[in-house]
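Take a look at the structure set out below.
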Amino acid sequence: MLRAGSAVTCIACKNLLPSRMGVKFRVPLQKLHPLSRAIHHRYSSNNNPQRPPHCSAARHYTSLSRLPLRPPKSRSGGHGYQQHRSFWVAHLAARLLKLRYILLGSAVGGGYTAKKTYDEWKDMFPDMSQYTWIVPDFVWELSENIDLDNLASALPELEEIAKLLPDMEKIGENFTFLKSLLSSGLGSEVNGASGLRLLLETTGESTLRVTDVPPTSAAMSDGSDKQFKKSSDKEKIDQLQEELLRTQLKYQRLLERLEKENKELRKVVLQKDDKGIHQRKVKKSLIDMYSEVLDILSDYDSNYNTHDQLPRVVVVGDQSAGKTSVLEMIAQARIFPRGSGEMMTRSPVKVTLSEGPHHVAMFKDSTREFDLGKEEDLAALRHEIELRMRKSVKEGQTVSPETISLSVKGPGIQRMVLVDLPGVISTVTSGMAADTKETIFSISKAYMQNPNAIILCIQDGSVDAERSIVTDLVSQMDPQGKRTIFVLTKVDLAEKNLASSSRIQQIVEGKLFPMKALGYFAVVTGKGSSNESIDSIKDYEEDFFQKSRLLRDGMLKAHQVTTKNLSLAVSDCFWKMVRESVEQQADAFKASRFNLETEWKNNYPRLRELDRNELYEKAKNEILDEVISLSQVTPKHWESILQKKLWERVSTHVIENIYLPAAQTINSGTFNTTVDIKLKQWTDKQLPHKALEVAWETLQEEFARFMAEYKGKDQDDIFDKLKEAVKDESIKRHKWNERAMDSLRVIQHNALEDRSITDKPQWDAAIHFMEETLQSRLKDTDSVIADMVGPDWKQRWLSWKNRTPEQHIRNETKNELERLLKLHEDHTAYLANDEVTTVRKNLEARGVEVDPVLIKDTWHQLFRRHFLQKALLHCNLCRRGFYYYQRHFVDSELECNDVVLFWRIQRMLAITANTLRQQLTNTEVRRLEKNVKEVLEDFGEDTEKKVQLITGRRVQLAEDLKKVREIQEKLEAFIEALHKEK
């Protein structure tokens, strides 16, 4: 097929010649068809091998140019010629077959060549897929959500757009005049037209440059013509400047109109998206995912040198420099509280800006949405921010490092995260804490020392630049200016107040301050009134810069003015920094997670990784189980404990104040009267209160006992401090029902008035109760006397113990008083004064000096022992006295009124214990359980309380592990979404 291709090529070249010229006539190569000329030249290289080819393009893009040369067949006469004539039919058929193969080969070769050429051209174009992240997501969904045909029909016609365009012929004439003027060598006019040159460059006429003006000597040839034309040339230059400004404003209005329409379209798309386009799966925006990571990092205390180095825009500036106003212009809403000269920003405020269908704001820890289009919602939002700031400031301080997180969404808002910091001050005024200045500096440095933080340095243009403090602070934190953007506010006041406008130019060019920055911007944030709306501030800003000589004279460039350009630049810088640093931060947290998991495996291999909240829930369930266990205590157990503890509490009072005084009476009638009076007084004043105290203490002890028993069942010691605090707080909050005391008093009074012992077992029980009580008291009294007099002769000989001088005196006093008791066994409970004197003189006669008070104290213990011994003897005699009791001790020398007294006490104790048990099981246990639940709920809401009560390296390690895992997972999800957006 290749040979056929070459043959047909030669035939094609020959067919270009007239038939009358013959074959031997050689036509010049230049007159051939270009393709044939290239082919002819290549395959005729033997004739002129040194001549270069004329048409490389045809050779490059044609497969026929690469076919090998086939020498033509000889057509000499003779026998072959006759044979050729004989078989002309066969030759004709062969020629037709060759033509078919030629056409087929040409088609295949041409298609292959075209495909190869297309691939080469395609490879020369850049890969546009890397720049798809520039186009927002809603653009890709326009075809699905918006009827493009209707949108195209709604666009203005070409004739209407042509009317808006400037008169290009007139501008061309002006350009021609300007070029001739500049070429005439007017140096002063050229220098004065620098602002015009700026505008020309801004509108796209970058070909006109002052540096491109060729030097000429025409201006020096005729001085008189120069003076004559100077004024007219200046007028034309001014006219040309005005014409260009009008043209630029016309284009700007057109762009604003198109941008407004674009904003409305975006709003429609986002609203449709909210109504159900993505209802199946709620998808968080990229900036919201990033903001969540920052919120978690703000609460994370790093222990493995994994610091928060994720980018955010840090807004710093002097107090009242306009930081908050710039932030509000970027957020497109007046969301911050305002004050005239006083400090309003008292804590850092993190504002997450994102795009949404409605202009709303929301706090991180709240579900309420504030509609920023309504003035009442704006006022409520400002009030809430002010309340949160004041609440975060501790007592005695002026500012707080606690961050308030706020998100703002709306159509056309640039996506970024900004942190508004308290304004830097130079002097601490009255009403401020003494360390306010240092605290503000430390907060600002803490945010700016992040190597990936973008510093938005705000400088007040209406005051002298030398009074600024923040520029020095920013220079210290970012000396190279690689992440600083400088913003000059209140430029309208600066232009009005400054005598020389070149000072503003020096500031925005970075020549006045030693501070370096990535970019410099000049903005106007209104006229200073707090009632101005964002739209009115924007209009005022645009109107000012349109009329300002700063822009007209070239001191400011068009891209350096307005908060709109500032927000675009800050957003671009923010996302650039995010893309450069987020993966490095994810790797750092991955390494930190590995370190924490390794430490946990080595130290706590058999324990689950429970953080503080999970441990608190576990402890909470255990405590509630222990409280519920109180309801399982049997009534018998309650009554036994209550009766025992109540008698321990009141037995001393019964023996000392009731039984012993009544026993000193003359007869049984006086004994019973004294007992009744003293029991009535005791019941009215002390007994009910003592009984309730005993019941409350018993409840506490049982609660603690159940906790201790539960602790033995593989309980974690990490809960001990929490359980003790819950128990103490619950008991502190619990108050016994006051009406129970009144009813208990009546019950106890009725029980003590009853003297009727119905049967012998009750009598024996009273005897037993009395005997146990007296023996216990006697034992205690003997112990007290032994301590008073010291060791006896057996202990001194066997244990080598000696008496002290005071014990020796007391022993001698005891011996003297015992001789007195032997003489008077029915002696009263108290010594008379003459008896004290007699005892003292007797002791002095033996050489023992003793004080009368010591004599009385010793007598009190000796008489009690003597009384208890006599009472025990009488108790044994009354064991058979029930018969005489039934006869009211008539015709009997035995009187057992003291047994009746102990029976009344015993019955009162039993009835009181039963009453308290009923109140405990029916009311107080439930109230205690309720109090415990309330305390647990309060502790659960108090983060600081949980940190104090659940502590230890194990808890902290589990907390760090949970935080690091959460941060890493959210960072990886954010990085994945970021790559998809690219």
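The values are calculated or read from the model by the stated rules, or taken from the named source; none is laboratory data. What you see is a predicted model; the values in this text were computed from it and never measured. Note that we place each Cβ from the backbone using ideal geometry, even for glycine, and neighbour counts take in every protein chain shown. Just the protein is used for accessible areas: all its heavy atoms, side chains included, with ligands, DNA and RNA removed. Shrake-Rupley method; radii C 1.70, N 1.55, O 1.52, S 1.80 Å.
Computed from backbone phi, the HN-Hα couplings of the range 642-653 come to 5, 5, 5, 5, 5, 5, 4, 7, 10, 5, 4, 5 Hz, rounded to whole numbers (Karplus: 6.51 cos²θ - 1.76 cosθ + 1.60, θ = phi - 60°; Gly and Pro given as x). For residue 424, the residues whose amide H sits under 5 Å from its own are 317, 318, 319, ignoring neighbours fewer than 5 places away on the same chain, with H placed 1.01 Å from N. Calculated FRET efficiency, residue 782 to residue 918, Cβ-Cβ distance, R0 = 41 Å: about 0.55 to the nearest 0.05. Fully extending the segment from residue 980 to residue 877, taken as 0.36 nm per residue of separation minus the present Cα-Cα distance, adds 26.7 nm.
What the Cβ-Cβ distance of residue 374 and residue 742 gives, at R0 = 35 Å and to the nearest 0.05, is a FRET efficiency of 0.05. Accessible surface for the range 628-939, divided over its residues, is 55 Å² per residue with a 1.4 Å probe. Among 520, 112, 883, the sequence by solvent-accessible area, most first, with a 1.4 Å probe is 112, 883, 520.
Computed extension gain for residue 677 through residue 428, at 0.36 nm per residue and net of the alpha carbon distance, reaches 82.2 nm.
Per the Debye formula with a single identical scatterer at each Cα and no solvent contribution, what log10 I(q)/I(0) holds for the range 628-939 at q = 0.11, 0.15 Å⁻¹? The Debye formula, applied to the Cα set alone, gives -0.88, -1.14. Taking Cα centre as origin and charging only the Cβ of basic (Lys, Arg, +1) and acidic (Asp, Glu, -1) residues, the dipole magnitude of the range 343-452 rounds to 260 debye. Only Lys, Arg, Asp and Glu carry charge here, each on its Cβ (+1 for the first two, -1 for the last two); on that basis the range 628-939 has a dipole of about 300 debye about its Cα centre. Computed from the Cβ-Cβ distance with R0 of 41 Å, the FRET efficiency linking residue 599 to residue 397 stands at 0.65. Sorting 606, 334 by solvent-accessible area of protein heavy atoms yields 606, 334, largest first, with a 1.4 Å probe. From the Cα gyration tensor of the range 409-552, with a ≥ b ≥ c the square roots of its eigenvalues, which class applies: rounded if a/c is under 1.5, or else prolate if a/b is larger than b/c, or else oblate? In terms of gyration-tensor shape, rounded. Here the spin labels are modelled as points 7 Å beyond Cα on the Cα-Cβ line, and at residue 793 and residue 497 they lie 10.9 nm apart.
Of the solvent-accessible surface of the range 628-939, computed with a 1.4 Å probe over protein heavy atoms with every protein chain present, carbon and sulfur atoms account for 50 percent.
Projecting the Cα atoms of 671, 652, 638 onto the charge dipole of the range 636-689, computed from C-beta unit charges around the Cα centre, puts 638 farthest toward the positive end. Site pair residue 657 and residue 808 shows an inter-label distance of 4.1 nm when each label is modelled 7 Å from Cα along Cα→Cβ.
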